[in-house]
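The values are calculated or read from the model by the stated rules, or taken from the named source; none is laboratory data. Since this is a predicted model, take the numbers as computed values, not measurements. Neighbour counts run over all protein chains shown; Cβ positions are idealised from the backbone, glycine included.
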Amino acid sequence: MPQFPPLQAGFHALGTDFFSTIQPTPLSDAHLAAWNPALAAELGLPEELANSDATLDLLAGNVAPISPPAITTVYSGHQFGVWAGQLGDGRAILLGELYDNEMNSHEIQLKGAGRTPYSRRGDGRAVLRSSIREYLCSEAMHGLGIPTTRALALVTSSEEVYREDVETAAVVTRVAPSFLRFGHFEHFFYAGDHAQLQQLADYAIQRYFPASLDAATPYQALLDTVIARTAELIAAWQAVGFCHGVMNSDNMSLLGLTIDYGPYGFLDGFDANHICNHSDHEGRYSYANQPEIGLFNLQCLAQALLPLLDRDAAIATLNGYQARFKAAHLARFREKLGLTTHEPEDKNLLNTLFSLMQTSRTDWTIFWRRLCDFDSRPEAVNESLRDLFLDRPAFDAWAADYRLRLRHEASQDSERQARMRRINPKYILRNHLAEQAIRNASAGDFSQIETLRRLLARPYDEQPEFETYAGLPPDWANDLSVSCSS
Ligand code: AMP
Ligand code: MG
């Protein structure tokens, strides 16, 4: 019987101030509902593992790993702007590390495998609905080329869990080089455990930021790198219209990965103030606020690292975040527009476009994809784009400016169009697509999960058999809402 390859201790080396050992809680009636062959191949896992009982037992939490033991890590964080104290892996269990054929290490984590010392009042479980959403979106983000944790497998069960309704439990196998969060550092800073804080920073640098060791001030270099990666990450989110939904500091990855998929959403009709999380009454985590919240979280991280930093240098790099973000953001949007040169008027061109889209609630993804077909000849009307706007003359005026801008850099339509199709996705995981997979899965048919995973692994390619998946959300999707409940 094929066995999952042996896992290695990694985080374990830090010692028990940083984690608790734990046994996953067995899951009755477990079923391997999804297996990600693309990630399995990247990890160097043999194909037969998908059909092995040993794999199911491991990923359901039905066997207790002995060496290394499974662990859950402690972290704290700021939730909705407020210090929340100790949180920790309340339902995530780290099994260990897997080395791929290139000797890159990957942490393997079970999300929803039962209670841990950090579960507080929670049951340590995750519901099927949110597990499917996490499985699909993390793979969709990877397909889009955006740094993210990954998903290897989804185990389902008939075991009941209680949220607003009775639902069933599922376990997602998550994979990332590291699941370190800003909140891990905040934990030791606020506890006054500065020796542990330094130990954790040293571990992070040695394992994941080795280039920092060459810098005169490695901890400052670590902070600089995290700031740069966070700015790049959020710029990438804005470009595809991804709203995270719960950007608490405990949901921010030190590595700059998208992590903890909960009430996330992609923009449909453009609204800068879109709030994807039904529980976010103030709109703290709205689309437009994400860049600023990134800075807030980086300030939390810098605060926590302060015992290791020169205060003035830390403040100086934090002050550089806005400029870094703006540069990354503008670079992304120039690419989306198909521009290869920089002109001062580009910002205006974009801002005018955003305001037109806001008024018309133009569908974000469809607009950018249709812009890939833009015909820059003076007589061209670009009807299918024009139809996306209520104020057609205003769109025509914008299109005229855009045409001039393209002319200015001697843009060739067919070359630019091909380039833009590699930047502006055709397929994104709209809520209604995930919902359809969830409804099917609840009725026992898991096939849509793999269909969507395959589709979203190639979001920039035309896939004519899936044309309807690139369309506007159907009317029934208007009633969908996602909240923190998961
Ligand atoms: P989240 O809002 O999902 O980022 O979770 C915030 C904190 O609550 C983390 O410490 C989670 O591990 C914990 N948590 C969320 N849901 C549960 C649950 N069902 N059982 C135990 N802990 C949970
Ligand atoms: Mg979380």
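Residues in region 149-170 that are among the β-branched types (Val, Ile, Thr) and within 13 Å of Ser485 (Cα to Cα) were compared, and the one that is surrounded by the fewest Cβ atoms within 10 Å (Cβ to Cβ) is Val166. Can you pull out every residue in region 64-84 that is modelled with pLDDT of 95 or more, out of contact with any His (no Cβ under 9 Å at 6 or more places or on another chain) and not aromatic (Phe, Trp, Tyr)? Within region 64-84, Ala70, Thr72, His78, Gln79, Gly81, Val82 qualify. Evaluation of Ile275 against the conditions (1) in contact with a helix residue (DSSP H, G or I) (Cβ under 9 Å, 6 or more places away or on another chain); (2) within 16 Å of ligand 2 (Cβ to nearest atom) shows that the sole unmet condition is (2). From the list Leu309, Leu385, Leu349, the one residue that fits, being within 30 Å of Leu222 (Cα to Cα) and either surrounded by 13 or more Cβ atoms within 10 Å (Cβ to Cβ) or of a type in the set (Val, Ile, Thr) (or both), is Leu309. Take the residues in region 39-81 that are within 16 Å of ligand 2 (Cβ to nearest atom) and either in a strand (DSSP E or B) or of a type in the set (S, T, N, Q) (or both), then tell me which one is surrounded by the fewest Cβ atoms within 10 Å (Cβ to Cβ). Restricting to residues being within 16 Å of ligand 2 (Cβ to nearest atom) and either in a strand (DSSP E or B) or of a type in the set (S, T, N, Q) (or both), the top hit is Gln79. Considered as a group, the residues in region 238-275 that are assigned to a loop (DSSP other than H, G, I, E, B) and among the small types (Gly, Ala, Ser) include one that is nearest to ligand 1 (Cβ to nearest atom), and that residue is Gly262.
Asp202 passes every criterion in (1) outside any helix (DSSP H, G or I); (2) surrounded by fewer than 24 Cβ atoms within 10 Å (Cβ to Cβ) apart from (1).
Only a single item in (1) more than 22 Å from the chain's Cα centre (by Cα); (2) part of a loop (DSSP other than H, G, I, E, B); (3) closer than 27 Å to Val127 by Cα is not met by Glu102, and it is number (3).
Of the listed requirements (1) at pLDDT 95 or above; (2) surrounded by fewer than 17 Cβ atoms within 10 Å (Cβ to Cβ); (3) assigned to a loop (DSSP other than H, G, I, E, B), Ser485 misses just one: (1).
The residues of region 244-268 that are out of contact with any helix residue (DSSP H, G or I) (no Cβ under 6 Å at 6 or more places or on another chain), among the small types (Gly, Ala, Ser) and under 15 Å from Ser76 (Cα atoms) amount to a single one, Ser253. Exactly one residue among Asn351, Asn382, Asn424, Asn431 is modelled with pLDDT of 95 or more and touching a Leu at 6+ places or on another chain (Cβ under 6 Å), and that residue is Asn431. Against the numbered list (1) more than 10 Å from ligand 1 (Cβ to nearest atom); (2) within 21 Å of Ala30 (Cβ to Cβ); (3) out of contact with any strand residue (DSSP E or B) (no Cβ under 8 Å at 6 or more places or on another chain); (4) not aromatic (Phe, Trp, Tyr), Glu102 comes up short only at (2).
Any residue in region 8-18 that is in the same structural domain as Leu87 (by TED's automatic domain parsing), in contact with a helix residue (DSSP H, G or I) (Cβ under 8 Å, 6 or more places away or on another chain) and acidic (Asp, Glu)? Checked against the condition, which is being in the same structural domain as Leu87 (by TED's automatic domain parsing), in contact with a helix residue (DSSP H, G or I) (Cβ under 8 Å, 6 or more places away or on another chain) and acidic (Asp, Glu), region 8-18 yields at least one hit.
Just so you know, in region 414-430 the residues that are part of a helix (DSSP H, G or I) and surrounded by fewer than 19 Cβ atoms within 10 Å (Cβ to Cβ) include one that is farthest from the chain's Cα centre (by Cα), and it is Ser414. Annotation: of all residues in region 246-271 being small (Gly, Ala, Ser) and within 11 Å of ligand 2 (Cβ to nearest atom), the one that is surrounded by the most Cβ atoms within 10 Å (Cβ to Cβ) is Ser249.
Hey, any hits in region 82-89 for a residue that's farther than 21 Å from Gly262 by Cα and either free of Cβ contacts under 8 Å to residues at least 60 places away in the same chain or crowded, with 16+ Cβ neighbours inside 10 Å (or both)? No, the conditions are met nowhere in region 82-89. Exactly one residue out of Glu167, Glu97 is more than 25 Å from Gly265 (Cβ to Cβ), among the acidic types (Asp, Glu) and either touching a strand residue (DSSP E or B) at 6+ places or on another chain (Cβ under 7 Å) or within 15 Å of ligand 1 (Cβ to nearest atom) (or both), and it is Glu97.
Sub-6 Å Cβ pairs linking a first residue in region 250-262 that is of a type in the set (Val, Ile, Thr) to a second residue that is more than 8 Å from ligand 2 (Cβ to nearest atom), at least 6 apart or interchain, are Thr258/Met141; Thr258/Thr148; Ile259/Thr149; Ile259/Ser253, ordered by first then second residue. Could you grab me the full set of residues in region 455-465 that are in a helix (DSSP H, G or I) and surrounded by 16 or more Cβ atoms within 10 Å (Cβ to Cβ)? If the condition is that a residue be in a helix (DSSP H, G or I) and surrounded by 16 or more Cβ atoms within 10 Å (Cβ to Cβ), then Leu455, Leu456 are the ones that fit.
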